[in-house]
Amino acid sequence: MGDIKLTDDQRSRRSEIEEARLKVSQASSEVNRLISKCEHVIVSVGWYGGTKCLICKAIDLGWYCPDSPDHLCDYDWDVDDEGFENEGGELCKHCGSPEERK
Ligand SMILES: [Zn+2]
Ligand SMILES: [Zn+2]
């Protein structure tokens with residue numbers, strides 16, 4: 001900031017913006033919290049077997065599975081520390097569809 005002095009007016013505008021920013025980040029972590037607790041109701045979207053939750057509207061949570069109780073194909077994936085999925089099976093435990101389906 002150096003030696004530049006803000007006027008009172010500028011300062012109050014600055015804190016208005018800071019407050020609004022804080023609200024945005026609180027609201028967005030609230031959204032994430034709610035989505036992480038969502039008991040997804042999965043429906044199939046599109047021709048490619050994509051998925052969407054009717055409650056939180058999250059999309060592409062996995063492949064749509066006709067046989068799995070939560071309607072998502074389950075490949076026993078683990079996610080490592082860096083967020084990569086690994087050690088998954090090739091076939092869904094429920095419907096037997098392969099993971100590669102493009
Ligand atoms: Zn959901
Ligand atoms: Zn499946």
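Computed from the coordinates by the stated procedures, all read-outs in this text should not be read as laboratory data. Since this is a predicted model, take the numbers as computed values, not measurements. Cβ atoms come from the backbone with ideal geometry, glycine included; neighbour counts cover every protein chain shown.
Being aliphatic (A, V, I, L, M) and within 11 Å of ligand 2 (Cβ to nearest atom) is the filter here; which residues of the stretch 43-76 pass it?
If the condition is that a residue be aliphatic (A, V, I, L, M) and within 11 Å of ligand 2 (Cβ to nearest atom), then L72 is the only one that fits.
Would you pick out the residues in the stretch 45-59 that are touching a strand residue (DSSP E or B) at 6+ places or on another chain (Cβ under 6 Å) and in contact (Cβ under 8 Å) with a residue 24 or more places away in the chain?
G49
Looking for whichever is among the charged types (D, E, K, R), more than 10 Å from ligand 1 (Cβ to nearest atom) and in contact with a Leu (Cβ under 9 Å, 6 or more places away or on another chain) here; the options are R14, R33. Which one fits?
Going through R14, R33 in turn, just one is among the charged types (D, E, K, R), more than 10 Å from ligand 1 (Cβ to nearest atom) and in contact with a Leu (Cβ under 9 Å, 6 or more places away or on another chain): R14.
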